[in-house]
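What follows draws every value from the coordinates through simple rules; no lab data is involved. The structure displayed is predicted, hence computed values, not measured ones. As a convention, Cβ positions derive from the backbone with ideal geometry for all residues, glycine included, and neighbour counts pool all protein chains shown.
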Amino acid sequence: MTVVIPTFNEVDNVEILLDRIGLALAEVEWEAIFVDDGSKDGTPELVERLAQQDRRVRLIRRIGRRGLSSAVVEGALASTAPVIAVIDADLQHDEKILPDLYREVASGKELAIGTRYAGTGSTGDWDANRLKISRFATSLAAPIMKTPLSDPMSGFFAIRRSVLLEAAPNLSSVGYKILLDLVASAPRELSSSEVGYTFGTRQHGESKLDQTVALEYLELLLDKTVGRFIPVKLILFGAVGMIGVIVHLTLLKLLMAGLGESFAWAQAGAVIGAMTFNFAMNNRFTYRDQQLKGAAWIKGLVSFMLVCSVGAVANVGIGSLVYSHWAEWWIAGIAGAVVGSVWNYVASGWLTWTRK
């Protein structure tokens with residue numbers, strides 16, 4: 001069995017986890033593949049030293065690539081073992097159930113998961129609020145799961161390597177919910193079983209949970225529901241744009257109050273403010289994987305404003321054209337807004353957040 005361990009700044013946990021895996025899998029032939037996404041705390045260097053001492057330890061260092069789904073797939077591709085297990089490096093998953101997960105898959109199941117919500121499973125010392133959030137997130141996932149699971153948010157499971165590779169081309173590779181991504185991307189319902197475990201408390205390192213994780217989860221749900229029809233980034237871009245309208249109107253009102261009757265100046269200030277807001281939000285969230293910083297942020301803002309200026313012209317032009325033919329102001333307004341928004345999305349993705 002190959003145990004794939006995605007890492008990012010987990011230097012204090014690596015040796016402890018390896019020792020625990022060795023004890024848990026004493027009767028199973030195993031190897032551990034660490035897939036590191038550019039840790040700066042010495043994690044990959046430590047794994048390299050451990051690999052020199054133990055042939056069962058291997059390291060994949062990724063440069064310019066991030067993401068749990070792709071890390072797991074790369075780890076599986078580097079293995080020839082028929083069973084792949086995935087475990088976090090933060091010591092919160094109970095490695096003692098690894099033999100049970102292995103036996104379930106080795107005996108015929110396609111998937112075996114460690115669950116906090118069935119059998120002897122427990123969320124440990126979670127407070128009521130975190131438990132409610134987790135339960136709510138689980139309920140949101142139900143419609144996209146081809147395989148019913150009690151804990152699709154779990155990142156602790158074993159799977160046949162052939163099944164993982166079969167699903168790999170359809171993975172969203174968004175966020176940290178690799179198990180949910182797998183069961184939503186698999187071409188059919190998988191034969192599965194569940195093993196309960198108690199979720200541990202992080203002792204070392206920093207939690208990766210933040211508002212970005214919640215956004216990535218939403219992106220995954222969107223991708224698996226409407227992603228085949230419309231790019232998820234376009235949805236986020238449009239959502240930012242709608243918030244930007246509110247920002248624009250708020251600034252316009254405030255500037256009008258401060259500048260008296262000078263609507264033109266107030267409108268100009270509101271436009272610049274809204275464009276800056278939209279750029280900052282898209283840079284932080286929509287294009288966070290291509291986020292611009294420092295001087296590149298200023299350059300990006302200028303290019304974004306130029307792109308949106310052209311989009312505004314397209315908006316007015318298309319809207320006027322539609323209005324002259326159908327004379328329905330709201331249809332013309334929507335047509336102009338859609339064309340302008342699509343232009344802004346395509347052009348800014350090409351010019352502002354272009355990949356080098």
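Of the GluC sites (Glu not before Pro) found in segment 1-103, those that fall in a DSSP loop while having at most 14 other beta-carbon atoms within 10 Å are 27, 29. Classification of the chain by its C-alpha gyration tensor yields a prolate form. The axis ratio a/c (a ≥ b ≥ c) is 1.5 or more, and a/b outweighs b/c. In straight-distance terms, cross-link reach from residue 109 covers every one of the aspartates and glutamates whose alpha-carbon lies under 18 Å from its own, apart from those fewer than eight places away in the same chain; here that gives 100, 151, 166, 189, 194. Quick query: amide H of residue 88 versus all other amide H atoms, modeled in the peptide plane; which residues come in under 5 Å with a sequence gap of 5 or more or a different chain? When sequence neighbours closer than 5 places are left aside, the close amide H contacts are 93.
The residues packed around residue 236, meaning those with a beta-carbon under 13 Å from its beta-carbon, carry a net charge of -1 if Lys and Arg are +1 and Asp and Glu are -1. Angle check, please: helix 68-77 long axis (alpha carbons) against the longest principal axis of the chain (alpha carbons), in degrees 0 to 90, nearest 10. Tilt relative to the chain: about 40 degrees.
On a 0 to 90° scale, report how tilted helix 263-281 is relative to the longest principal axis of the chain, with both axes built from alpha carbons and the result rounded to the nearest 10. That works out to roughly 10 degrees.
Taking amide H positions as modeled 1.01 Å from N, with prolines and chain starts lacking one, the residues under 5 Å from residue 123 and 5 or more places away or on another chain are 199. For residue 193, the residues 5 or more places off, or on other chains, whose built amide H falls under 5 Å of its own are 111, 112, 113. Extension gain for residue 264 to residue 41 (0.36 nm times residue separation, less C-alpha to C-alpha distance): 75.0 nm.
Counting Lys and Arg as +1 and Asp and Glu as -1, what is the net charge of the other residues whose Cβ lies under 14 Å from the Cβ of residue 157? Spelling it out: positives minus negatives among the neighbours equals -3. Per-residue ellipticity at 222 nm computed for the chain from its helices equals -17500 deg cm²/dmol, with DSSP H segments shorter than 4 residues left out and the rest contributing -39,500 (n - 2.57).
Between residue 249 and residue 53, the contour length at 0.36 nm per residue exceeds the alpha carbon distance by 64.2 nm.
For a modelled paramagnetic label at residue 26, 7 Å from Cα along Cα-to-Cβ, the residues of segment 79-110 in reach, with backbone nitrogen under 14 Å, are 96, 99. Across segment 297-305, rounded Karplus estimates of 3J(HN,Hα) from the backbone phi angles (6.51 cos²θ - 1.76 cosθ + 1.60, θ = phi - 60°) give 5, 5, 4, x, 4, 4, 5, 5, 5 Hz, Gly and Pro being marked x.
Highest mean first, the peptides 116-127, 33-44, 305-316 sorted by other C-beta atoms within 10 Å per residue fall in the order 33-44, 305-316, 116-127. Stretching the chain fully between residue 288 and residue 320 yields a gain of 8.0 nm (0.36 nm per residue, less the alpha carbon separation). Take the alpha carbon gyration tensor of segment 232-351, find the square roots of its eigenvalues, order them as a ≥ b ≥ c, and report rounded if a/c is under 1.5; if not, report prolate when a/b exceeds b/c, else oblate. Oblate shape, in that a/c is at least 1.5 and b/c is the bigger or equal ratio. Computed from label points 7 Å out along Cα-Cβ, the spacing between residue 297 and residue 133 is 2.5 nm. Helix 232-259 axis versus longest C-alpha principal axis of the chain: approximately 40°, rounded to the nearest ten.
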